[in-house]
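A.B. asks: Attaching a single structure in structure tokens format; questions to follow.
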């Protein structure tokens, strides 16, 4: 084997030239096939085409015929004459390799999201009794789904109450009536009926009865809509790459020799530091540091967000069922990522004599933070006005700073002004926070607001929190009205974890010259179901009392009951929430159903059902189980556990991937069929077990098998009546007949005599 730097081979003694066809390993990566080289003594040459096929980048002045390897600076090679192989090592600058693009695997667009026909009633009930006064309030939503890609909702709230000497009196108010159609491939949602218009940070939302169409990024939850930092590097040989963000490992992958680009790391916001740790095939490690700044306020370059709504403004929502303004209103918003650092915004709306329009932008200035600005103007009954807004935000893992101001000039109006207060004349905020390690987290804030015809409001706040001994935390807050020195509130609280489920706490609060002391102990309600409780005691002038409550999270709903006393008044209360689902010809009771759900059908009772490999229940007497919540528009792994099934039952499949549409349910079927199986023992005419390997077939195509030790063979799909077996022996044939027993389980039949046949 000959291994020397190419530059050291010049001047070597000349031998007769020969042509070689060699295996090639380039930067520890084997290249498929054989490549032609010319050997002249210790010098090796190859044509420019051969070197380019190997993945080398040649300088412009390189000859186009034979190129001596020692003419390429930085190249080293090792020629093994015995194995007819050459190993070449070159710097990355000589590699003509495409950039390897890496990113964490994200679920692609989940096409074919399903929704089965059905309906549901989601409810929330609350009842209370205090002395001679009683109250019962309920909110409900009726939903129909599974007819095409449409979803129809009707919600309402109702209440009834009575006081001493008075009869019960109540009222019911319609809330929302709407039909909704989702188009996940285009990320578009169309809503007809009661809906909300979109808004930007410097505009206000309208509640309308009409039509809304717009972008809905929630239909593709795996897609990142904000620009994500990208990191560049290069590897001279195949290597492993690990990415750390602020010291926490986020991603790892293998890369070939050449340049690579790593991006698509979600959940990054603010300033941070990234480290790429590159470990090559020889175990050598090097680290590259990247400071970065990312913002969730920006849209990815080339991505647009838009919405248009038209209809009549809803007034008295929650108080009146059908109070709509007679004037038609329209509202439109648009955002687009002009680049990964600049997002443009625009908004316009009009109703009656009011017209309003504006534009803005959000841009990222390296590590200096995120700046935003907007300017809007309005015309209303011949009067005009303007609104401008400026904001800046900067945060790191330790510091957090934010400044924003929004002011109006003239008689600025928007459509919401026709039905309520006008936009504030001044709205300003300043925030500063810092993490001081062992001393805890500190933050200061200042807020100013000024509305037409009202006094100016200014508040300053101080907040501090610190963890203690990894099991408890203490926090303090001070809120001061800068327009009234007497308006001040203070709060000091302490909480401690008592194991994994229990928690205790104590607090002191002073407001309006009064002190309140409170202490409580609680047990959290388990997410998977169970009981939780809370006990609290309070002391203070006019605020003495306590509370005791218990909560239950069951498979069919959430329930709570409690009794409380405050300032000498005692009252009791109870609440219940959950849903009723109608699917597959019957109704099922469940917990809240605001996301998505599935009805699992097996046809067999007592089958354990798993969601994301976590057992969440067993099927009922009809072999059904309603499971919730599922993640809408995403992959959900639903499976059954066949280990507890009787031997004669065989599931066709045990796992399925379910992608439900938002707010709807889908039926998931796991067919389980009964298999007539048996262990058959076959003997010959002399009473000896048939030879191992003999072929057994059920007459009529019922299945085949082979004979094992002691003449035993296992057969499935047997009939209920008489069954004839045909057996191919090493020498000759025989047959046996038996009747399948009616007993359950796996019967053992025989020994059966297999009679010889011609």
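A.B. asks: In what sequence do 349, 483 fall when counting other Cβ within 10 Å, fewest first?
C.D. replies: 483, 349
A.B. asks: Moving to a separate point now. In nm, to one decimal, how far is the modelled label at residue 225 from the one at residue 726, with both set 7 Å along Cα→Cβ?
C.D. replies: 6.6 nm
A.B. asks: Something else: Say each of residue 554 and residue 515 gets a label point 7 Å from the Cα, pointing the same way as Cα to Cβ; how far apart are those two points in nm?
C.D. replies: It is 4.5 nm.
A.B. asks: Over the stretch 222-290, what is the relative contact order in percent, taking alpha-carbon pairs closer than 8 angstrom and at least six residues apart?
C.D. replies: 35 percent
A.B. asks: Here's something else I'd like to know. Taking 0.36 nm per residue of sequence separation and subtracting the Cα-Cα distance, how much length would be gained by fully extending the chain between residue 157 and residue 174, in nm to one decimal?
C.D. replies: 5.5 nm
A.B. asks: Identify the residues of the stretch 318-344 with backbone N under 17 Å of a label point that sits 7 angstrom from the Cα of residue 201 along the Cα-to-Cβ direction, or state none.
C.D. replies: Correct set: 334-344.
A.B. asks: Pick the calculated Rg/Rh (Cα atoms, Kirkwood Rh) for this structure from (1) 1.01; (2) 1.05; (3) 1.09?
C.D. replies: (3)
A.B. asks: Moving to a separate point now. Relative contact order of the stretch 261-349: what whole-number percent is it, with Cα pairs under 8 angstrom and at least 6 residues apart?
C.D. replies: Relative contact order comes out at 24 percent.
A.B. asks: Related question: Given points 7 Å out from each Cα along the Cα-Cβ axis, report the residue 756 to residue 506 separation in nanometres with one decimal.
C.D. replies: Label-label distance for residue 756 and residue 506, simple model: 9.8 nm.
A.B. asks: Mind pulling the per residue volume of the convex hull built on the Cα atoms of the stretch 312-401? Å³ is fine.
C.D. replies: It is 155 Å³ per residue.
A.B. asks: While we're here: Based on the Cβ-Cβ distance of residue 365 and residue 133, what FRET efficiency does E = 1/(1 + (r/R0)^6) give at R0 = 56 Å, to the nearest 0.05?
C.D. replies: That pair, residue 365 with residue 133, gives E of 0.40.
A.B. asks: Still on this model: Test of understanding: ordering 47, 704 by Cβ neighbours within 10 Å, fewest first, what list do you get?
C.D. replies: Ranking 47, 704 by Cβ neighbours within 10 Å, fewest first, gives 704, 47.
A.B. asks: Can you classify the stretch 358-498 as rounded, prolate or oblate using the Cα gyration tensor, where a ≥ b ≥ c are the square roots of its eigenvalues, rounded means a/c under 1.5, and otherwise it's prolate if a/b beats b/c and oblate if not?
C.D. replies: Oblate.
A.B. asks: Relative to a virtual label point 7 Å from the Cα of residue 477 in the Cα→beta-carbon direction, which members of the stretch 510-532 show backbone nitrogen distances below 18 Å?
C.D. replies: Residues 510-520 fall inside that zone.
A.B. asks: Taking the radius of gyration and the Kirkwood hydrodynamic radius from Cα positions alone, what is the Rg/Rh ratio for the stretch 18-96, to two decimal places?
C.D. replies: For the stretch 18-96, the value is 0.91.
A.B. asks: Sticking with this structure for a sec: Would you mind getting me the FRET efficiency between residue 254 and residue 54? Use the beta-carbon distance for r and R0 = 22 Å, nearest 0.05.
C.D. replies: 0.55
A.B. asks: In whole percent, what relative contact order does the chain give with Cα contacts below 8 Å and a gap of six or more residues?
C.D. replies: 7 percent
A.B. asks: Sort 469-476, 624-631 by packing, meaning the average of other beta carbons within 10 Å per residue, with the highest value first.
C.D. replies: Descending packing order for the listed peptides: 624-631, 469-476.
A.B. asks: In whole Å, how far is the Cα centre of the stretch 586-639 from that of the stretch 379-404?
C.D. replies: Here the answer is 47 Å between Cα centres.
A.B. asks: While we're looking at this one, here's another question. What FRET efficiency comes out for residue 379 versus residue 456 if R0 is 25 angstrom and r is the Cβ-Cβ distance? Round to the nearest 0.05.
C.D. replies: 0.35
A.B. asks: In whole Å, what is the distance between the alpha-carbon centres of the stretch 279-334 and the stretch 675-717?
C.D. replies: The stretch 279-334 and the stretch 675-717 have Cα centres spaced 67 Å from each other.
A.B. asks: Going by C-beta contacts inside 10 Å, put 559, 79 in order with the fewest on the left. Present the calculation step by step, with values, prior to reporting the outcome.
C.D. replies: Working: 559 17, 79 21.
Result, fewest neighbours first: 559, 79.
A.B. asks: For the stretch 494-526 and the stretch 197-230, what is the centre-to-centre distance using only Cα atoms, to the nearest Å?
C.D. replies: Distance between centres, Cα-based: 38 Å.
Rule-based calculations on the coordinates, nothing more; no lab input. Computed from a predicted structure; not experimentally measured. FYI the Cβ positions are ideal-geometry reconstructions off the backbone, even for glycines, and counts take in every protein chain you see.
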